[in-house]
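**Student:** Take this structure, written in structure tokens, and hold onto it; I'll ask about it next.
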Amino acid sequence: MYYIQEADKPVIVARIFNILEIVDDKIILPISSGEVIDDKRAGILVRKIKKFLDKTGCKTVILSKFLKKQQNFVDLLDVYEINVVGGQWLFSVISSKVLDYIVEKENLKKEETNVSILVNNNDSDYIMQNIKNIIRTYKSVNIVTDHIGKFKKFEKDVLEKEGIMITITNNKKKSLVRSKIILNVDFTSGEINKYNIPEEAIIVNLKGNVEINKKRFNGLNINDYEISFENFEEFDYDKSKLYFQKDIYEAGIYKKQPYEYIERKIIRDKVKVIELMGRRTSL
């Protein structure tokens with residue numbers, strides 16, 4: 001695993017010839033924070049990164065906060081099949097914690113809060129366990145899906161084992177009208193905008209980059225987040241300041257473990273949601 005970041009003060013020669021600096025597990029680019037990477041330079045840098053990574057056998061990297069904003073650079077990494085840790089997987093794993101954070105920040109009461117969960121194709125164990133956690137503590141929960149039959153077994157299982165009734169629906173006019181919090185697991189912008197959305201709802205998009213096009217919508221549309229955690233093995237100023245902690249934490253988890261193993265690790269490491277972010281707002 002390599003971390004890729006900008007330089008503090010790029011050396012002129014390195015800048016001119018686009019020379020990468022390798023320091024331990026970091027690839028330092030000859031650019032400074034705030035600098036715009038044009039397409040030509042992005043291509044040169046990504047090809048050099050690819051060549052270096054091929055020699056090491058590494059295919060996954062973590063980008064600094066600054067580099068993650070350079071979309072042409074990020075897109076080229078994808079073209080060259082370099083996997084960038086983005087935090088979306090972890091977002092799904094801690095989604096019930098995300099809702100707890102919202103409740104605390106907004107001074108809501110779980111027993112009075114209606115939640116809708118939008119999910120079509122993602123029925124991973126992580127998602128389903130978080131849905132169960134949410135169902136146990138909130139006033140009412142709707143599962144909104146285009147695959148109603150797929151979730152009927154889950155509805156029956158929850159009723160039999162938890163004694164809790166949930167609603168499975170895809171009514172575009174009524175499904176979301178009473179929801180204060182909408183957890184969007186995998187709906188696209190096009191799919192979610194087909195539904196009537198409450199004006200003051202708080203929407204959490206686990207896949208990120210979802211736009212709400214409703215003119216009267218005045219709520220929060222969350223596409224990103226940040227966490228804090230303990231048990232950081234070593235203190236590294238760059239890693240603690242230049243990178244998202246969610247990316248670092250996600251990269252350190254073996255994702256094929258059962259949910260209960262990961263849940264115990266998250267509790268042990270005292271993972272906390274510390275910020276939720278939308279395009280023009282944060283919570």
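**Student:** Along the Cα→Cβ direction, 7 angstrom out, place labels at ASN121 and LYS255. What is the inter-label distance in nm?
**Tutor:** If labels sit at ASN121 and LYS255, their model points lie 1.5 nm apart.
**Student:** Let me ask another. Computed FRET efficiency, Cβ-Cβ of GLU35 and THR281, R0 22 Å: what is it to the nearest 0.05? Intermediate results must be reported in sequence, preceding the final value.
**Tutor:** Values: r = 27 Å, r/R0 = 1.22.
Efficiency, from the Cβ-Cβ distance: 0.25.
**Student:** SER189: net charge of surrounding residues, Cβ under 14 Å, Lys/Arg +1, Asp/Glu -1, itself excluded? Could the numbers behind the result be given before it?
**Tutor:** Numbers: positive: LYS194, LYS207, LYS214, ARG279; negative: ASP186, GLU191, GLU211.
Combined, the nearby Lys, Arg, Asp and Glu give +1.
**Student:** Which FRET efficiency value, to the nearest 0.05, is calculated for ASP8 and ASP78 with the Förster distance at 30 angstrom and r the Cβ-Cβ distance?
**Tutor:** Details: r = 27 Å, r/R0 = 0.90.
Step by step, r from the Cβ atoms, then E = 0.65.
**Student:** Multiplying the sequence separation of ARG264 and PHE17 by 0.36 nm and subtracting their Cα-Cα distance, what value in nm do you get? Show your work: numbers first, answer last.
**Tutor:** Working: separation 247, 0.36 × 247 = 88.92 nm, distance 4.76 nm.
Going from the current span to full extension adds 84.2 nm.
**Student:** Across the chain, where is the longest run that never hits GluC sites (Glu not before Pro) in a DSSP loop with at most 14 other C-beta atoms within 10 Å? Don't skip to the answer; put the middle values down first.
**Tutor:** Values: sites that count: GLU81, GLU106, GLU199, GLU200, GLU211, GLU230, GLU233, GLU234.
For GluC sites (Glu not before Pro) (loop position, at most 14 other Cβ atoms within 10 Å), the longest site-free span of the chain is 107-198.
**Student:** How many nm is it between the label spots at THR60 and LYS156, if each spot is 7 Å from the Cα in line with the beta carbon?
**Tutor:** If labels sit at THR60 and LYS156, their model points lie 3.7 nm apart.
**Student:** For the pair THR188/MET165, report the inter-label distance in nm, with labels modelled 7 Å from Cα in the Cβ direction.
**Tutor:** Between THR188 and MET165, the simple spin-label model gives 3.6 nm.
**Student:** Have a look at the DSSP beta bridges in the chain and tell me what percent are antiparallel, nearest 5.
**Tutor:** Values: 9 of 38 bridges.
The answer is about 25 percent antiparallel.
**Student:** Could I ask something else about it? Suppose only helical runs count, i.e. DSSP H with n ≥ 4. What mean residue ellipticity at 222 nm does that imply for the chain under -39500 (n - 2.57) per run, divided by all residues and rounded to the nearest 500 deg cm²/dmol?
**Tutor:** Working: 12 runs with 108 residues, N = 283.
So the helix-based figure for the chain works out to -11000 deg cm²/dmol.
**Student:** To continue, here is another question. Give the shape of region 146-252 as rounded, prolate or oblate, defined through the alpha-carbon gyration tensor: a ≥ b ≥ c are the square roots of its eigenvalues, a/c under 1.5 means rounded, and otherwise the shape is prolate if a/b is larger than b/c and oblate if not.
**Tutor:** On the way: a/c = 2.82, a/b = 1.54, b/c = 1.83.
Oblate, because a/c is 1.5 or more while a/b does not exceed b/c.
**Student:** Mind checking which of SER116, VAL185, SER175 is farthest towards the positive end of the chain's charge dipole, using Cβ charges of +1 (Lys, Arg) and -1 (Asp, Glu) about the Cα centre?
**Tutor:** Among SER116, VAL185, SER175, the one farthest towards the positive end of the dipole of the chain is SER175.
**Student:** So, one more: Which net charge results for the neighbourhood of TYR261, defined as the other residues with beta-carbon distances under 12 angstrom from its beta-carbon, given Lys and Arg at +1 and Asp and Glu at -1? Present the calculation step by step, with values, prior to reporting the outcome.
**Tutor:** Details: positive: LYS255, LYS256, ARG264, LYS265, ARG268; negative: ASP125, GLU260, GLU263.
With Lys, Arg at +1 and Asp, Glu at -1, the neighbours total +2.
**Student:** Out of [x] 36; [y] 40; [z] 30, which label holds the value of percent of Cα pairs over 31 Å apart that was computed here?
**Tutor:** Structure-derived value, by its label: [x].
Each value in this text was obtained by applying a stated rule to the coordinates, not by laboratory testing. This is a predicted model, so every value here is computed, not measured. Counting neighbours? That spans all protein chains shown, and the Cβs are built from the backbone with ideal geometry, glycine included.
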